[in-house]
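Trainee: Mind looking over this structure? Questions follow.
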Amino acid sequence: MNPTHVLAYSLVLTWLMILTAGLLRVRGNLLTAFSNRAALPQATPLSGRADRAASNMLENMVLFVGAWAVSRDVTGWQVTAGAQLFLIARLVYWPVYLAGIPVIRTGIWLAGVLGIGLMVSAVIA
């Protein structure tokens, strides 16, 4: 899977994480979801974790998109492997975060960041 495909899949994952966080927060009530959300129900532990996971994904997508952009003209295994590592780590990170497993979650997050670093290292090497 090339880095552009990884970017597309990462965008879909980001959208799903945001959508899931919102639906968990409104507890599946579509009337509340389509409202101005002035009177949201209290966040549950799961909806709070889903919201934080989605926010973390957005933060990491900024770094990933930057790494993807600067490495577009670079050929080499580092770009492809780094992009794939990022996506795999983010796919694993989401359910681990939702389950509330703290230490493992941080290690998985670090693997995704290392993927970004691998992509950037191909540019500056």
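The values are calculated or read from the model by the stated rules, or taken from the named source; none is laboratory data. Since the model is a prediction, treat every value here as computed from it, not as a measurement. So basically every Cβ, Gly included, is an ideal-geometry build from the backbone, and we count neighbours across all protein chains shown.
Trainee: Inspect segment 65-74 for any residue being modelled with pLDDT under 95 and among the acidic types (Asp, Glu) and give the result as yes or no.
Mentor: Scanning segment 65-74 turns up at least one residue that is modelled with pLDDT under 95 and among the acidic types (Asp, Glu).
Trainee: Among the residues of segment 49-80, write down those that are under 20 Å from Val96 (Cα atoms) and either surrounded by 15 or more Cβ atoms within 10 Å (Cβ to Cβ) or in contact with a Lys or Arg (Cβ under 7 Å, 6 or more places away or on another chain) (or both).
Mentor: Of everything in segment 49-80, those that are under 20 Å from Val96 (Cα atoms) and either surrounded by 15 or more Cβ atoms within 10 Å (Cβ to Cβ) or in contact with a Lys or Arg (Cβ under 7 Å, 6 or more places away or on another chain) (or both) turn out to be Arg49, Ala50, Asp51, Ala53, Ala54, Asn56, Met57, Asn60, Met61.
Trainee: Tally the residues that are crowded, with 19+ Cβ neighbours inside 10 Å and more than 16 Å from the chain's Cα centre (by Cα), restricting the search to segment 81-119.
Mentor: Adding up the residues that qualify gives 2.
Trainee: Filter segment 75-121 for residues that are within 22 Å of Trp15 (Cβ to Cβ) and among the hydroxyl-bearing types (Ser, Thr, Tyr) and give the result.
Mentor: Within segment 75-121, Tyr93, Tyr97 meet the criteria.
Trainee: Of everything in segment 1-27, what is outside any helix (DSSP H, G or I), farther than 23 Å from Val79 by Cα and of a type outside the set (A, V, I, L, M)? Give them in sequence order. Give the steps one after another, and end with the answer.
Mentor: Of all residues in segment 1-27, those outside any helix (DSSP H, G or I) come to 1-2, 26-27.
Cutting the leftovers down to farther than 23 Å from Val79 by Cα gives us 26-27.
Arg27 - this is the single residue of segment 1-27 that is outside any helix (DSSP H, G or I), farther than 23 Å from Val79 by Cα and of a type outside the set (A, V, I, L, M).
Trainee: Of the conditions (1) at pLDDT 95 or above; (2) surrounded by 15 or more Cβ atoms within 10 Å (Cβ to Cβ); (3) farther than 17 Å from Leu98 by Cβ, Ala8 fails just one. Which one is it?
Mentor: (2)
Trainee: Restricting to segment 38-48, and then to whatever is hydrophobic (A, V, I, L, M, F, W, C) and farther than 27 Å from Leu110 by Cβ, can you tell me which residue is surrounded by the most Cβ atoms within 10 Å (Cβ to Cβ)?
Mentor: So in segment 38-48, the residues hydrophobic (A, V, I, L, M, F, W, C) come out as 38-40, 43, 46.
Going one step further and asking which of them are farther than 27 Å from Leu110 by Cβ, we end up with 38-40.
Working: Ala38: 6, Ala39: 7, Leu40: 15.
Only one residue fits best here, namely Leu40.
Trainee: When you scan segment 54-95, how many residues do you find that are closer than 29 Å to Leu23 by Cα and β-branched (Val, Ile, Thr)?
Mentor: 4
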